[in-house]
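S.K.: Here it is, the structure, as structure tokens.
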Amino acid sequence: MNSKNRSPHIKHASWGRLEIDGKAEPYKDAKLFPGGSRDWNWRETGTSHNPGIQISDVQELLDHGATIVVLSRGMAECLQVPRETLDFLKKRQITAHVLPTKEAVALYNKLSETEPVGGLFHTTC
């Protein structure tokens, strides 16, 4: 995979902070995908802890070429992932991993070495 399309590496994750290689400012919540990253502003898609991660949140990752998706539920797993979102990914043959943030970061970084992976990372509750 050429480096231009590689998913960015996460340097550090802690409560309220996600540090990405090549990005000066840390994120609180972030969308990472092949070729880049950006702030994950829940207000854009109506995301909240419940019902949780919306189809429109994961669609953006697919639009950037992700074929595997890692969804973090937060440090205390407060962020939900509705069945509709998982069904949407399954229907498109996209492998989805739903994990607490620390485990999600570790898996995402491992996958990013060889796969076009996308991830949604929530760094608080």
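What follows draws every value from the coordinates through simple rules; no lab data is involved. This is a predicted model, so every value here is computed, not measured. Here the Cβ is made from the backbone with ideal geometry for all residues, glycine too, and neighbour counts use every protein chain on show.
S.K.: With the requirement that a residue be touching a residue at least 24 places away in the same chain (Cβ under 8 Å), out of contact with any Phe, Trp or Tyr (no Cβ under 9 Å at 6 or more places or on another chain) and in a loop (DSSP other than H, G, I, E, B), what does the stretch 84-107 give you?
M.R.: Within the stretch 84-107, R92, P100 meet the criteria.
Quick grid of which residues meet (1) among the small types (G, A, S); (2) surrounded by fewer than 16 Cβ atoms within 10 Å (Cβ to Cβ); (3) touching a Gly at 6+ places or on another chain (Cβ under 9 Å):
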{"position": "G52", "(1), (2), (3)": "yes, no, no"}
{"position": "S56", "(1), (2), (3)": "yes, yes, yes"}
{"position": "L62", "(1), (2), (3)": "no, no, yes"}
{"position": "L79", "(1), (2), (3)": "no, no, yes"}
{"position": "P82", "(1), (2), (3)": "no, yes, yes"}
{"position": "K91", "(1), (2), (3)": "no, yes, no"}
{"position": "T95", "(1), (2), (3)": "no, yes, no"}
{"position": "N109", "(1), (2), (3)": "no, no, no"}
{"position": "T123", "(1), (2), (3)": "no, no, yes"}
